[in-house]
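Read the figures in this text as sums done on the coordinates, not as results from a lab. Computed from a predicted structure; not experimentally measured. We place every Cβ from the backbone using ideal geometry, glycine too, and count neighbours over all the protein chains shown.
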Amino acid sequence: MKRVLFVDDEPALLDGLRGRLRGLRSRWEMIFVESASRAIAEMELRPVDVLVSDMRMPGMDGAQLLSIVRDRWPETIRIVLSGHAENEQSKRLLTLAHQYLGKPCEENQIESAMERCLQMHELLTDSRMRASVGHLARLPAIPRIFAKLHAALLKPDVCVREVTDIVHEDPAIAAKVLQMVNSAFFRVTRRITRIDQAISYLGFNAIRTAVLSVEVFSLWQPGVIVAGLEPERLQARAHRVAAAVSALSHGTAMFDDALLAGLFYNIGYRVLLQERPEDLARASAEARARDIPLHEAERRVIGASNAEVGAYLLGLWGLPYAVVEAIAFQYEPERSGARQFDVLAALVTAERLVMAEDPLIVGIPHHACAALDDRYLQMLSAPFDWSEAQRRVSTDQTGGLVT
């Protein structure tokens, strides 16, 4: 049974949560404590799967508690539940908390957040990899793009479109911007999934502060090099796939989510290059030696593929479930049980079309997911056949993103 620990110095609030969540006790073991020190003592007895903590508490505050939990129990999912957050504190929380919920919470918001976080455990079953992702505070940005963004933000006449185009260039920066804007301390009234809307809402000052903060962003440091998986090549491939998936979903209700799925589809490699580069190099060598798809070699060597790792990270950061699902099942779309043309189908179709024109990983067998052809598209009632999909992608595949 999954364990969830709630920490708040207000007994009345804990009592309210205890009563509100009583019906979930058959599914989750829930513990309620009134201080950070008691939370640590409880976790020393037995770790928990999810920690939900207030920020302002006497003695040790929520940020200090989250920092300790991140270092000692990185596999624990960390959620902040608070009605207060100053600017400096908010910046710290972006590296300490996976999600931030505001007080008072809307009906079922806490339950939904915990449910989704616990679902992530089913996507990434390897405990060591969960700990690596859980401890991850930030994804390093590509230096060239980071420098371009920094320079743009210093211009007095910079516009939203210019900043949006730069942020789109690096999925690591884009993912962090979306995590920022959808954290409750920015008080958005609805979830934002468009990068331009996120930048407009946050404002240049907030983006500039984040970019200049080593706590939020860092630069990519060259380490173990895995041929074909260099950050610049991953970024270029993500742009190709994002442009293709945009062409396939343009004008539909799923467009925003599909664009994000394309932009972030290989972000798991950014995590593996930072956290497990030697193992990723071993997986690459095994894929070549055994003539098997790289994602299968990753599961053998690392315990998870880049798809599960990327989906887990984005799920923790609160990105839309349709995006997380598409990235998680991109190699095995049949596992999703989808019966209609959705974000996942748009992603795997786009990726297959891009792969056919420009293989990314020379010498490494690529995945062969479901038979992607007219039968696949007909089964999902796609609004086009395979020839039309090729035409749309070839027409719009100009290196830019359709927005």
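Using a Förster distance of 30 angstrom, determine the FRET efficiency expected from the C-beta separation of Met355 and Tyr321, and round it to 0.05. Provide the component values of the computation, followed by the final result.
Values: r = 25 Å, r/R0 = 0.85.
Result of the calculation: an efficiency of 0.75.
Taking the highest mean first, how do the peptides 117-124, 318-325, 144-151, 9-16 order by number of other beta carbon atoms within 10 angstrom per residue? Walk me through the numbers before you get to the answer.
On the way: 117-124: 18.2, 318-325: 22.2, 144-151: 16.5, 9-16: 13.2.
In decreasing order of mean packing, 117-124, 318-325, 144-151, 9-16 become 318-325, 117-124, 144-151, 9-16.
Which whole-Hz ³J(HN,Hα) couplings does region 316-332 yield from phi under the Karplus relation 6.51 cos²θ - 1.76 cosθ + 1.60, θ = phi - 60°, glycine and proline marked x?
Once rounded to whole Hz, the list reads 4, 7, x, 6, x, 4, 4, 5, 4, 4, 4, 5, 4, 9, 4, 8, 9.
When ranked by the protection proxy of mean other Cβ atoms within 10 Å per residue, highest first, what sequence do the peptides 68-77, 297-306 form?
Details: 68-77: 18.2, 297-306: 22.2.
Final packing ranking: 297-306, 68-77.
By how many nm would the segment from Arg191 to Gln64 lengthen if fully extended, with 0.36 nm per residue of separation less the alpha-carbon distance?
Working: separation 127, 0.36 × 127 = 45.72 nm, distance 2.78 nm.
Roughly 42.9 nm would be gained on extension.
Would you pull out the residues with amide H under 5 Å of Ala141's amide H, same chain only if 5 or more places away, H placed 1.01 Å from N?
Ser218, Leu219, Trp220
Could you go through region 116-123 in sequence order and give the Karplus-derived ³J(HN,Hα) for each residue, using 6.51 cos²θ - 1.76 cosθ + 1.60 with θ = phi - 60°, rounded to whole Hz, and x for Gly and Pro?
5, 4, 6, 4, 5, 4, 6, 6
Going by average Cβ density within 10 Å per residue, which order do the peptides 35-47, 277-289, 54-66 take, highest to lowest?
On the way: 35-47: 15.5, 277-289: 17.5, 54-66: 19.3.
Answer by packing, highest mean first, reads 54-66, 277-289, 35-47.
May I ask you to evaluate 6.51 cos²θ - 1.76 cosθ + 1.60, the Karplus curve with θ = phi - 60°, for each residue of region 154-170 and list the ³J(HN,Hα) values in order in whole Hz, giving x for glycine and proline?
In residue order, the calculated couplings are 8, 6, x, 10, 5, 10, 4, 4, 5, 5, 4, 4, 5, 4, 4, 5, 10 Hz.
Taking region 143-212, how much of its Cα-Cα pair set, in percent, is spaced more than 15 angstrom apart? Numbers along the way, then the final one.
Working: 1109 of 2415 pairs.
The calculated P(r) of region 143-212 puts 46 percent of pairs beyond 15 Å.
Along the charge dipole of region 231-396, which of Gly337, Leu347, Ala307 sits closest to the positive end, that is, farthest toward it, with unit charges on the beta carbon of Lys, Arg, Asp and Glu (+1, +1, -1, -1)?
Ala307
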